[in-house]
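Here is the structure we will look at, set down as structure tokens.
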Amino acid sequence: LAMMKDLDETLSLSRIGAMLTPAQLTGVALFATACRRMTAYLLRGETQAAAVAAYGRELLPLDSLSTEIERCVDETTVHDEASPQLRNLRRKREVAETRIREKLTQLLHSRKALLADGFVATRNGRFVLPVQRRYQSQFGGTVVDVSASGNTVFMEPAAVAGLQAELAALIVEEDAEVRRVLYTLTALVHAQEEPLRRNRDTMLALDVLFAKAKLSAAMRAVPVEITG
């Protein structure tokens, strides 16, 4: 029932043009998968002439929708394979980050005497080096953050400023492409709203039937004999 409630909220969001999150899209795919499994289960029951098996023919196929969602996202992430553009941007981002780290690693060794610690850090989404405050002017670069004690400044060296700007631009492009993918998947969900709602109603009806059957079995209930 929780899945059904989440589905209602997701469909409402898709109808007003909101961007569904990877988690919401994954929920739709899981529901579609549950419908497919239920259909297979009920159709097997037709060989036993079970009346409930007829519900299996009311569940509409949603395989193409679930397959596309699963190809593009999981609960927390948009996959690289969601689009060639996204894959390309992420590879470029990896290269840019590697170049920045390599340059900063060189500076760690060549300017070790000016540093407060021997590691590359990140502050506010930028790669920085921890510099002793008294050497700030000698080190050169931009102060991105300051330690709680005030004795250490986290600086973006001038030598990597251009690379950082390139990386920042790639991150903006990547975010835009991720959003494009999510909006595209949201549109697919909206296009399948009617079959999704019909399947939801059928699954709710089946949930009630199975709950009654479970209670009946627990009570060891038998049909009432009606006598004239």
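Just a few scattered comments:
- Residue that is farthest from E193 (Cα to Cα) [pool: residues in the range 22-46 that are more than 24 Å from the chain's Cα centre (by Cα) and open to solvent by less than 20 Å² (accessible area, probe 1.4 Å)]: G45
- Only strands (runs of 3 or more DSSP E) whose full extent lies in the range 114-157 are considered here, and the ones with at least 3 residues that are aliphatic (A, V, I, L, M) are 126-132, 141-146.
- The range 132-164, residues that are acidic (D, E) and open to solvent by 20 Å² or more (accessible area, probe 1.4 Å): D145
- Filtering the range 3-16 to residues that are open to solvent by 20 Å² or more (accessible area, probe 1.4 Å) and either within 11 Å of V189 (Cα to Cα) or in contact (Cβ under 8 Å) with a residue 60 or more places away in the chain (or both) leaves M4, D8, S12, L13, R15.
- One residue stands out in the range 169-186 among those that are in contact (Cβ under 8 Å) with a residue 12 or more places away in the chain and of a type in the set (A, V, I, L, M): the one that is most open to solvent (accessible area, probe 1.4 Å), namely I171.
- When the test is whether a residue is surrounded by fewer than 12 Cβ atoms within 10 Å (Cβ to Cβ) and part of a helix (DSSP H, G or I), A96 does not pass it.
- Which listed residue is farther than 30 Å from P195 by Cβ and more than 36 Å from the chain's Cα centre (by Cα), from V131, V95: V131
- Among the candidates Q106, Q85, residue that is out of contact with any His (no Cβ under 7 Å at 6 or more places or on another chain), under 30 Å from V131 (Cβ atoms) and not in a loop (DSSP other than H, G, I, E, B): Q106
- Filter result for T67 (β-branched (V, I, T) and not in a helix (DSSP H, G or I)): no
- Scan of the range 143-168 for residues that are hydrophobic (A, V, I, L, M, F, W, C) and touching a residue at least 60 places away in the same chain (Cβ under 8 Å), ordered by number: V160, L163, L167
- Qualifying residue in the range 219-226 (condition: open to solvent by less than 80 Å² (accessible area, probe 1.4 Å) and at pLDDT below 95): yes
The values are calculated or read from the model by the stated rules, or taken from the named source; none is laboratory data. Being a predicted model, the structure only gives us computed values, none of them experimental. All Cβ positions, glycine included, derive from the backbone under ideal geometry; neighbour counts span all protein chains shown. Just so you know, the surface numbers come from the protein's heavy atoms only, side chains and all, with ligands and any DNA or RNA stripped out. Shrake-Rupley method; radii C 1.70, N 1.55, O 1.52, S 1.80 Å.
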